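Q: Here it is, the structure, as structure tokens.
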Amino acid sequence: MVNYDLIIKNGTIVTADSIVQGDIAIKEMKIKEVSIGKPIEATADKEIDAKGLHILPGLIDTHVHFNEPGRTEWEGLETGSRSLAAGGVTTFFDMPLNSTPPTINKINLELKSTAAAEKSIVNPRFWGGLVPENIDDLKDLHENGVIGFKAFMSPSGIVDFNNVDDETIYKGMKEIASLGSLLAVHAESTVICDQLAKEKQSQGKTTARDFVESRPIISEIEAVRRIISYAEATGCKLHIVHASSRKVVQVINDAKQRGLDVTVETCPHYLSLTVKDLEEKGAMAKCAPPLRDAEEVEDLWAAIANGEINVIASDHSPAPASMKTITDNFFEGWGGISGAQSTLNIMLTEGYFKRNLPLEKIVELTATNPAKLFGLSTKGKIAVDYDADLAIINLNESFELKNEDLFYRHQHSPYVGMTFKGKVKTTIVGGKVVFENGQPMKK
Ligand SMILES: NC(=O)N[C@H]1NC(=O)NC1=O
Ligand SMILES: [Zn+2]
Ligand SMILES: [Zn+2]
């Protein structure tokens, strides 16, 4: 009889379309058996009793900035991946910017993938960048396995990662379409944001609210409409990252309805924090697009319930505390939220418990859809022959998030002090336990 590497017994297995009681058997990094209603009798090197616990496909965070190589004083693949493991995340897609060099050619991609192979305790994948200087590198990047390409329509805040002009968008999207890849876009209007920021600051208006008003929802809408036009002109598959409002989602929905291949992400911070939090927490909660008002938060949850959002990702964009200190000018200081460890906590507490969002839907948005959209054909599901990437959680356990619970390089987050219901107990990557008893493994 077969001897498994691991059997997880008596758990409540959650997938995008069902919740059932059962056992899961794992061998050679894969799920080999899922038995509903009847225990798996085989032997195994290790057993986990998941009685009273829920087992989810490990989350796939399609949007993190881990800043390695080159800016590891902000984060890094070791600390970043350990914090993901603590949050039930088993795969991440690292963005091409905030590392130095940025992932805009094959050599730079190799630097990053070598570092990840050495340091990450969860599965790494990489976005390539689209910048005005690298149209000729896109093919190489694609052939070397990038998930897709990422461009900024407004300044990225990073000097070696330029935002795209319309000509680059057009040429880049044509090339990406011909490669059969896709473009992910940070969509804010440079003109609108720059003009408003200048106006505000020249009038001495530099509060958190002024910052938010300088990056209005219409700026996202304008950029999204424009990039959709280019998608229509070039046939390029498009993914809009971090939509902060349902009004933005609506524009994408209209394009979907016209038959365009376009998808949309939103992030936990747009689902749990507001401008009021930004005023209270200061730069810790600063990001772009900025946090919105409470009605926008509720509208986004409605959009999720209505199937209008494809993916939830963290946009973990960390920085040292020194870059997050509050000055009297809110326009200064790093825009980016440290949040990758808390995605599931927010979806459970704010979604499942507070707004009756089904667990199946959370799995769909954080694992099944990301796997489907980005071609990870063996991930995002708990089924035979799928990769054994799992998160085991206790829905009955509550905790208040403390700085010392975070495994980031810099132990801060706007979510510190929040009380979450639902706690990650064990995270498994390729059949191997990478987080248990409150500790991620060391590589
Ligand atoms: N460069 C970078 O990480 N920017 C991110 N930060 C943020 O708040 N929005 C972003 O796009
Ligand atoms: Zn962005
Ligand atoms: Zn980002």
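The values are calculated or read from the model by the stated rules, or taken from the named source; none is laboratory data. Keep in mind the model is a prediction, meaning the values are calculated, not measured. Neighbour counts are summed over all protein chains in view; Cβ atoms, including those assigned to glycine, are modelled from backbone coordinates with ideal geometry. For accessibility, only protein heavy atoms count, side chains too; no ligands or nucleic acids. Shrake-Rupley method; radii C 1.70, N 1.55, O 1.52, S 1.80 Å.
Q: Being closer than 26 Å to Arg225 by Cβ, surrounded by fewer than 23 Cβ atoms within 10 Å (Cβ to Cβ) and touching a residue at least 40 places away in the same chain (Cβ under 8 Å) is the filter here, so list the residues in segment 157-177 that pass it.
A: Gly157, Ile158, Asp166, Tyr170, Lys174, Glu175, Ala177
Q: Additional query: Among the residues of segment 332-356, count how many are more than 16 Å from ligand 1 (Cβ to nearest atom) and either at pLDDT below 95 or open to solvent by 10 Å² or more (accessible area, probe 1.4 Å) (or both).
A: 9
Q: Let me ask another. Looking at Ile48 and the list (1) out of contact with any helix residue (DSSP H, G or I) (no Cβ under 9 Å at 6 or more places or on another chain); (2) away from ligand 3 (no atom under 16 Å from the Cβ); (3) outside any strand (DSSP E or B); (4) among the aliphatic types (A, V, I, L, M), which single condition is not satisfied?
A: (3)
Q: Filter segment 259-306 down to residues that are under 22 Å from Ile227 (Cα atoms) and more than 16 Å from ligand 2 (Cβ to nearest atom) and give me whichever is most open to solvent (accessible area, probe 1.4 Å).
A: Applying the filter and picking the extreme gives Asp261.
Q: Right, here's the next one. (1) within 16 Å of ligand 1 (Cβ to nearest atom); (2) more than 19 Å from Cys267 (Cβ to Cβ); (3) assigned to a helix (DSSP H, G or I): which one isn't true of Val164, the others all being true?
A: (3)
Q: While we're here: Given the conditions (1) in contact with a strand residue (DSSP E or B) (Cβ under 7 Å, 6 or more places away or on another chain); (2) touching a residue at least 24 places away in the same chain (Cβ under 8 Å), which single one is not true for Val275?
A: (1)
Q: Restricting to segment 84-95, count the residues that are within 16 Å of ligand 3 (Cβ to nearest atom) and of a type in the set (Gly, Ala, Ser).
A: Looking only at that region, the number is 0.
Q: Give the residue, chosen from Ala223, Ala197, Ala208, that is under 23 Å from Val248 (Cα atoms) and within 16 Å of ligand 3 (Cβ to nearest atom).
A: None of the others qualify; the one that does is Ala223.
Q: Now, a different point. List the pairs whose first member sits in segment 398-411 and is part of a loop (DSSP other than H, G, I, E, B), whose second member is open to solvent by 70 Å² or more (accessible area, probe 1.4 Å), and whose Cβ atoms are under 7 Å apart, counting only residues at least 6 apart or on separate chains?
A: From segment 398-411, the pairs are Gln411/Glu404.
Q: Give just the number: which of (1) within 16 Å of ligand 2 (Cβ to nearest atom); (2) at negative phi does Asn310 not satisfy?
A: (1)
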